[in-house]
Amino acid sequence: MKAYIQLTMAQLRIFMRNRQVIFFSLLFPVLLMVMLGSFVGDSGVSLSGLIVDQDESQASGQLIASLEQQGIAEVGQSADLEEALDLLEKGEHQFVLVIPDNYDETVMAWQKQGETGPVPDPASLTVYYDETNMVTSQLGLVAVRQVIDGISKNLTDYQPALVMEQKPVESLGLQYIDFLVPGIVAMMIMSNNLNGVAGQIAAWRERGILRRMQSTPLRASTFISAQITARLLLNGFQAVIVLLIGFLFFDTQVRGSWLLLLLFVILGTLTFIAMGFIIAGLARTPESAGPIAGMISFPMLFLGGVFFPISSMPSFLQAMVKTLPISHLSTALRQVMNVGADLVALWPQALVLFGWMIVSFLVASYTFKWE
Amino acid sequence: MKPMPDSTPTQSHEAIMIDVKGLVKKYNQTAVVKGIDFQVRRGEIFGLLGPNGAGKTTTMEMIEGLRRPDGGTAIVAGYDTRKAQDKVKEVIGVQLQSTSLFELLTVEEIVNMYASFYKKSVPVAPLLEDILLKEKIHARVKGLSGGQKQRLAIALALVNDPKIVFLDEPTTGLDPQERRMLWDIILKMKEKGKTIVLSTHYMDEANILCDRICLMDQGSVVALDTPENLIRNLQSESAVQFRIEHHEQVDDARRQRFTEQLNRLEGVKHVSVQGDRITLYTDHLQEALVRFVELAETEQITFQDLQTRTATLEDVFIARTGRSLGEE
C-alpha cells in the first residue's frame, strides 16, 4: 500500500514539475476551440441588407419597420441604388431591396378597392442579391418574402385555407462549438493517455528505471495501479479544465449531469491508459512507441467523430467507425452535453467503452514487461 | 554455565552468502556465461574482474533474479534465486550499471519511494549521511553531478538494509576524486558487515577493494583467489615490457623465433605477446634483463619503450588470457 501511494505521488510530482507538458497539453485543446470554433462557427449569423426607399411615404416606412422588427436581418437604408449595389458586390451586404416610387399609391389603391372594385396592378419590389453566396442570400430572400407576403395578405384580406403550425422538436440552438468541445475533450483523453503512457513507459524501460524497480520486491500490479491512479487524476483534471473553459468562455452547453460527464471522462481515460500500456509493451524502443501510438490514434482522430459527425461518412466506414472506443466516448460526451442524455440512454456507449477497457487491461497485463 | 552457541564465530564468518553452480546464459544460441561456479563468503568484498563483454553483468543479474539462467543455480542467503525471488529481493540491494533516476524528484523523495518497496527500510537522514549526500537531501536529481547521482544509486541499494549489496561497475565514468570517495564508502559498507559483490574492469579498484577476485573472460572464470595470491601464483614479481621497433618490417617467422627464445631465457617465467607489445614475467629481474638485451643484440631486434614494473592483476589477466583488460 505504501509503495502504491509513494509511486502515485512520485508520478504526480513529476507531472506537476514538468510545467511545459502541462502548459502545452492545455494550450492545444483551447487553441483548437478558438480556431475551429471561430472559423466554422460564424456561418449564417450575420445577415444584413440595404433598402433603397424611392417612395419615402408612410407605407414604405411601415414596410421598413416590419423588416427591422422581424430581426432576421440587419437593415440599413441607402438613398442611392448605384451605391447600394456597389456595396452588395463588395460583399458588405447580402441583399438590396428597392421600394419603387409608386408603392404608396398602389397600397392606397388596394386599401380602397374593397370587395367589388377593379383589381389594381400589384406594386413590384426588386431584390438584388449576391449569387456567389447563396446560403446567406437565400436566408435574406426568405426574410424579405415573409414580410412582403404578410403585408400583401393584409391588404387583400386573405383568409388562408391551410395553416402550417411550426413546432420545433429539437430547438437546442446548437452551434459547431457545441459539437466540437466534446470531440476535443475525447481527443485529449485519447492522446494524453495513449501517447503519454506508451511514451513514458517505453522511455523508462529504455533508461533502466523499470529494471531497477524490478530488482526490488515491487510488484508490477502495484506499479501499474499507481500509474493509472496518477494519470486518472491528472488527465481527468485536465479534461474537466477544458470542459470548464468551453463552458465559461465559449458558451458550450452542458445539458446533462456533470457527474455523468465525469463518469465518461474516467471510463475513457482508463480505456486509453490500458491501450497505452499495450503499446508500451509492444514497442521495443521509446522511438517506436510514438509512431505506434500515432498509427492508432491518428485514424481514430479522423474517423472517431471528433471533428466531423460520423453520420456524414460513407456507410461502409460507419460500420467500422462504430466499433472504435473514441467514437463511443465522443458520442457519449456529446449526448450528455448537447442533448442532456442520461445513463439510461447512454448504456450502449458505456457498455462498449467498458468492454474496451476490460479487454485492454487484460491484454496489457499479459504484454507488460519490465525490460 | 551458559550453553555454547550453536555456531562458532569462525563458522559464521565463513558462512556462504552466495553459492553459484554451473550458471549458464545464452543469447540466440551463443552462451555469454558458460557454466560458472563460485561462492561468496559473508562480509567479504567479492570482485568480478574482467574486460567488457566478459559476462560480469549477466552473471550478477542472474544472481539478483533479473535474468533467468539457462542452466545452473544461484543460492542467495539460503534462497534459490529462481524459486524464491521475492525473498531474495528483500535481502539484496542492487546498483545497476546504468540506472537513471527520476530527474524531477528530490533525493529525499526518491529514497523514500524506494524504501516503500521493501518490508524493512532504514531512515533517510543517516543513510544519506553515510554516502555523503546529506546536504543534497532536498535537491532534485537533475541538479546532481555524475558522482552524486552514482552515490544516490548506491544509497538506493542500501535503503532496505540488505545483507548483500551488488555494485555493477560503480565507478565507471567518474573522475579520480569521486572514485576515491566511492571506494571509502564501499569499504565502510564492509565494516558495517555487508557482503558486497562488485564488478569492475579496473584492476586497481579490484586490488584496493576486493578480498577475493573472480577473474572472468568470455563467459568463464579464469581464476579466483585473493589479489595477493593471484599475483603470487603468477610466480613473477616483475614484468618487463617493450615494443619491437619497426614491428611491421620484422617477418612472422623471425618474430616467432624471437618469442620462443625469450621463453627459454633463464629467469623468464612467462612471455605474453599483444601485437607489437611483448611482456616478460620474471622473479629475477636483473638476470632476465641482461639476457634479454643480449638476445636482442644477437637477433638484431631493436626494442623501444622498455619499462619494468611490479606485476599486477593486469599481468595476471594477460598471463591467463593473452589479452589485456582494456581490450574488448
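The values are calculated or read from the model by the stated rules, or taken from the named source; none is laboratory data. Remember, it's a predicted structure, so these values are computed and weren't measured experimentally. Don't worry about glycine lacking a Cβ; one is built from the backbone with ideal geometry, like all the others, and counts go over all protein chains shown. SASA here: full protein model, heavy atoms, side chains in, ligands and nucleic acids out. Shrake-Rupley method; radii C 1.70, N 1.55, O 1.52, S 1.80 Å.
For the protein assembly as shown, take the convex hull of the Cα atoms, compute a quarter of its surface area, and give me that in nm², please. Walk me through the numbers before you get to the answer.
On the way: hull surface 214.1 nm².
Its Cα hull, projected and averaged over all orientations, spans 53.5 nm².
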- Return the carbon/sulfur percentage of the accessible area of the stretch B:15-230, one whole number, probe 1.4 Å, all protein chains in place. 48 percent
- Measuring from the lowest to the highest alpha carbon on each principal axis, how far does the stretch A:184-284 reach, largest first, in angstroms? 51, 23, 18
- Message: Report the B-A buried area as the accessible area lost on both sides summed, probe 1.4 Å, in Å² to the nearest 100.
- Response: 2500 Å²
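In chain B, how does Rg compare with the Kirkwood Rh, expressed as the Rg/Rh ratio over alpha carbon atoms?
Working: Rg = 23.4 Å, Rh = 22.1 Å.
In chain B, Rg relative to Rh is 1.06.
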- Leaving out ligands, DNA and RNA, what percent of the accessible area of the stretch B:262-312 is carbon and sulfur, probe 1.4 Å? 45 percent
- Segments A:326-337, B:259-270 sorted - mean Cβ within 10 Å per residue, highest first: A:326-337, B:259-270
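If you rank B:ARG254, A:ARG145 by how much accessible surface each has, with a 1.4 Å probe, what is the order from largest down?
On the way: B:ARG254 70, A:ARG145 145 Å².
Listed by decreasing accessible area, they come as A:ARG145, B:ARG254.
Roughly how many Å² is the accessible area per residue of the stretch B:15-230, as a whole number, for a 1.4 Å probe?
Details: 8390 Å² over 216 residues.
Normalised by residue count, the accessible surface of the stretch B:15-230 is 39 Å².
Just by accessible area at a 1.4 angstrom probe, what is the order of B:THR302, A:THR132, A:THR216 from largest to smallest? Before the final figure, lay out the partial values.
Numbers: B:THR302 75, A:THR132 125, A:THR216 0 Å².
Most to least solvent-accessible, the answer reads A:THR132, B:THR302, A:THR216.
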- Item | Mean ellipticity per residue at 222 nm, deg cm²/dmol - from DSSP H runs of n ≥ 4 across chain A, formula -39500 (n - 2.57) | -22500 deg cm²/dmol
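For an R0 of 25 angstrom, estimate the FRET efficiency from the Cβ-Cβ distance between B:TYR27 and B:ARG323 and round to the nearest 0.05. Please report the intermediate quantities before stating the final value.
Values: r = 22 Å, r/R0 = 0.87.
After rounding to 0.05, the efficiency reads 0.70.
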- Task: With a 1.4 Å probe and every protein chain left in place, tell me how much accessible area B:ASP211 has, in Å² to the nearest 10.
- Result: 50 Å²
- Local electrostatic count at B:GLU64 - Lys and Arg +1, Asp and Glu -1, tallied over other residues with Cβ under 14 Å: +4
- Item | Residues in the stretch B:185-210 reached by a label modelled at B:GLU228 [backbone nitrogen below 16 Å; 7 Å Cα→Cβ] | B:207-210
- Message: Just to confirm a number: summing +1 for Lys and Arg and -1 for Asp and Glu over residues other than A:MET337 whose beta-carbon lies under 11 angstrom from that of A:MET337, what do you get?
- Response: +1
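Where only protein heavy atoms count, and the probe is 1.4 Å, what is the accessible area per residue for the stretch B:235-310 in Å²? Working shown, then result.
Values: 4480 Å² over 76 residues.
Here the per-residue accessible area is 59 Å².
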- Item | 3J(HN,Hα) from dihedral phi, the stretch A:145-150, Karplus parametrisation 6.51/-1.76/1.60, rounded to Hz, x for glycine, proline | 4, 4, 5, 5, 4, x
- Within 10 Å of each Cβ of A:215-228, how many other protein chain Cβ atoms are there on average? 4
- Apply the Karplus parameterisation 6.51 cos²θ - 1.76 cosθ + 1.60, with θ equal to phi minus 60°, to every residue of the stretch B:173-185 and state each ³J(HN,Hα) to the nearest whole Hz, in sequence, with x for glycine and proline. x, 9, 7, x, 5, 5, 4, 4, 4, 5, 4, 4, 4
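What's the carbon and sulfur percent of chain A's accessible surface, probe 1.4 angstrom, rounded to a whole number?
Working: 12070 of 19630 Å².
Solvent-exposed carbon and sulfur of chain A make up 62 percent of the total.
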- Kindly provide the chymotrypsin sites (Phe, Trp or Tyr not before Pro) of the stretch B:80-167 that DSSP labels as loop, not H, G, I, E or B, and whose Cβ sees at most 11 other Cβ atoms within 10 Å. none
- Take A:LEU194, B:LEU224, B:LEU104 and sort them by solvent-accessible surface of the protein heavy atoms, 1.4 Å probe, largest at the top. B:LEU224, B:LEU104, A:LEU194
- Note on the structure: Taking chain A, the whole-percent share of alpha-carbon pairs separated by over 31 angstrom is 54 percent
- For q = 0.12, 0.13, 0.16, 0.20 Å⁻¹, what log10 I(q)/I(0) does the stretch A:232-371 give under the Debye formula with an equal point scatterer on each alpha carbon and no solvent? -0.53, -0.62, -0.93, -1.30
- Query: To two decimal places, what compactness ratio does the stretch B:234-328 give when its Cα radius of gyration is scaled by 2.2 N^0.38 Å?
  - Reply: 1.01
- Of A:LYS369/B:LYS149; B:LYS56/B:LYS194; B:LYS56/B:LYS119; B:LYS142/B:LYS194; A:LYS112/A:LYS153, which ones are farther than 18 Å apart at the Cα? A:LYS369/B:LYS149; B:LYS56/B:LYS194; B:LYS56/B:LYS119; B:LYS142/B:LYS194
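Under 14 Å from the Cβ of B:VAL33, count the other residues' Cβ atoms, weight Lys and Arg +1, Asp and Glu -1, and hand me the total.
Numbers: positive: B:LYS21, B:LYS25, B:LYS26, B:LYS34, B:LYS56, B:ARG67, B:ARG68; negative: B:ASP37, B:GLU61, B:GLU64, B:ASP70, B:ASP217.
The answer is +2.
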- In 10 Å bins starting at 0, how do the alpha-carbon pair distances of the stretch A:266-319 split up by percent? 22, 39, 30, 9
- Note on the structure: Once amide hydrogens are built 1.01 Å from N within the peptide plane, the residues lying 5 or more places from B:VAL165 or on another chain with amide H under 5 Å from its amide H are B:GLY93, B:THR195, B:ILE196, B:VAL197
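At 1.4 Å probe size, with every protein chain present, just tell me what the per residue accessible area of chain A comes to in Å². Working shown, then result.
Values: 19630 Å² over 371 residues.
Here the per-residue accessible area is 53 Å².
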- What is the distance in Å between the Cα centres of the stretch A:226-247 and the stretch A:301-368? 19 Å
- Computed from the beta carbon distance with a Förster radius of 45 Å, FRET efficiency for B:LEU187 and A:ARG219 to the nearest 0.05 stands at 0.85
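Using 1/(1 + (r/R0)^6) with R0 = 35 angstrom and r between the beta carbons of A:SER288 and B:ARG277, what's the FRET efficiency to the nearest 0.05?
FRET efficiency, A:SER288 to B:ARG277: 0.20.
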- For A:VAL75, distant residues with modelled amide H under 5 Å away: A:GLY49
- Would you pull out the residues with amide H under 5 Å of B:LYS26's amide H, same chain only if 5 or more places away, H placed 1.01 Å from N? B:VAL32, B:ASP70
